[in-house]
Amino acid sequence: DVTEITRASLNVLAEDLDNNNRIEAHKTIPVWLLARTSVPLATYNPSDGTWKDMSRYFGAFVTPNHPEIMRFLRKVAARHPDMRLVGYQGDADVDAQAQAVFDALKTDAQIVYVNSLRDFNPDAGVKSQRLRLPAESLRDQEANCIDGAVLFASLLEALSLNPAIVVLPAHVIVAWETGPQSGEWRYLDTTKLDKNFDFALKFGAAITKAVEQQVADTGKQDLLYRWPLRDLRSNFGIYPLE
């Protein structure tokens, strides 16, 4: 229910259960509650001065079962040549289903790029930003790169595909597995909704390939994170916020 940064109090009571519940400590600490749309990017470890990546939690903002997402799937299906969405069943054309998502977001939802990042987080030990939930992006018809990626991924997961959130330096795109357990991925930049599907697909593949080359040249693995939703759900227990 928290939609904006809010002051609260944390009440801590420690009792000795082996000594007649004697109170060992009792204190009240003022804390800030961040808005539910505030997503952690990284947390600071003061013991070694490093930042820990938290981008896997973008997966919580992928909300395939939200009623607005489920309703929008009808418009996605209408953009598919066969007027249906079958996921990985049979010899399904997965890219055609992804294109139907792209076309519906472009034409029906009319999503435009708007970059709203500020979440007013006062904690210098946590890097965070505002992230629109997919239903909010559909309602307001706007999204930045992360907003668009979690929206696109929500629709792909809703139609039973395995999407991934791909985190690049200063950018986030979406990907999907070409078949169940295929290990082959397509990459798409959702900020290119003003172009066509093929352009967004080629652009996403090109920037991913460029960063993969950077990783190979420098050995810096933190330049690229690909978070398949299937793994985030099963291995990390990161489930939809709504």
Those residues that are surrounded by 19 or more Cβ atoms within 10 Å (Cβ to Cβ), over 10 Å from the mean Cα position of the chain (by Cα) and either farther than 19 Å from PRO240 by Cβ or not small (Gly, Ala, Ser) (or both), I need them from region 131-144; list them, please. LEU138, GLU142, ASN144
Unique residue being within 23 Å of PHE61 (Cβ to Cβ), assigned to a loop (DSSP other than H, G, I, E, B) and in contact (Cβ under 8 Å) with a residue 12 or more places away in the chain when the list is LEU201, LEU241: LEU241
Could you list, in sequence order, the residues of region 9-46 that are under 27 Å from the mean Cα position of the chain (by Cα), part of a strand (DSSP E or B) and of a type in the set (Gly, Ala, Ser)? SER38, ALA42
Filter region 82-96 down to the residues that are among the aliphatic types (A, V, I, L, M) and modelled with pLDDT of 95 or more, then identify the one that is most open to solvent (accessible area, probe 1.4 Å). MET83
Given (1) without any contact (Cβ under 8 Å) to a residue 40 or more places away in the chain; (2) not in a strand (DSSP E or B); (3) not hydroxyl-bearing (Ser, Thr, Tyr), index of the condition GLN97 fails: (1)
Name the one entry in VAL114, VAL101 that is open to solvent by 30 Å² or more (accessible area, probe 1.4 Å) and more than 19 Å from PRO40 (Cβ to Cβ). VAL114
Can you tell me which of (1) farther than 25 Å from ARG139 by Cα; (2) in contact with a Phe, Trp or Tyr (Cβ under 9 Å, 6 or more places away or on another chain) is the one ASN20 doesn't meet? (2)
Residues of region 42-81 being under 16 Å from LEU133 (Cα atoms), in contact with a strand residue (DSSP E or B) (Cβ under 7 Å, 6 or more places away or on another chain) and surrounded by fewer than 20 Cβ atoms within 10 Å (Cβ to Cβ), which ones? SER55, ARG56, TYR57
Could you grab me the full set of residues in region 21-41 that are crowded, with 16+ Cβ neighbours inside 10 Å and of a type in the set (A, V, I, L, M, F, W, C)? LEU34, ALA35, VAL39, LEU41
Answer with yes or no whether ILE165 is in contact with a Gly (Cβ under 7 Å, 6 or more places away or on another chain), surrounded by 21 or more Cβ atoms within 10 Å (Cβ to Cβ) and closer than 18 Å to TYR239 by Cβ. yes
Can you name the residue in region 225-242 that is closer than 24 Å to ALA104 by Cα and of a type in the set (A, V, I, L, M) and is also modelled with the highest pLDDT among such residues? LEU229
Looking at this structure, is ASP119 part of a loop (DSSP other than H, G, I, E, B), in contact with a Leu (Cβ under 7 Å, 6 or more places away or on another chain) and modelled with pLDDT under 95? yes
From the list ASP222, ASP198, ASP194, ASP217, which one is charged (D, E, K, R) and at pLDDT below 95? ASP222
In region 175-188, how many are in contact (Cβ under 8 Å) with a residue 40 or more places away in the chain and either in contact with a Ser or Thr (Cβ under 9 Å, 6 or more places away or on another chain) or surrounded by fewer than 20 Cβ atoms within 10 Å (Cβ to Cβ) (or both)? 6
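The values are calculated or read from the model by the stated rules, or taken from the named source; none is laboratory data. The structure presented is a predicted model; accordingly, all values stated were derived computationally and were not measured. FYI the Cβ positions are ideal-geometry reconstructions off the backbone, even for glycines, and counts take in every protein chain you see. Please note that ligands, DNA and RNA were not included when accessible areas were found on the heavy atoms of the full protein model with its side chains. Shrake-Rupley method; radii C 1.70, N 1.55, O 1.52, S 1.80 Å.
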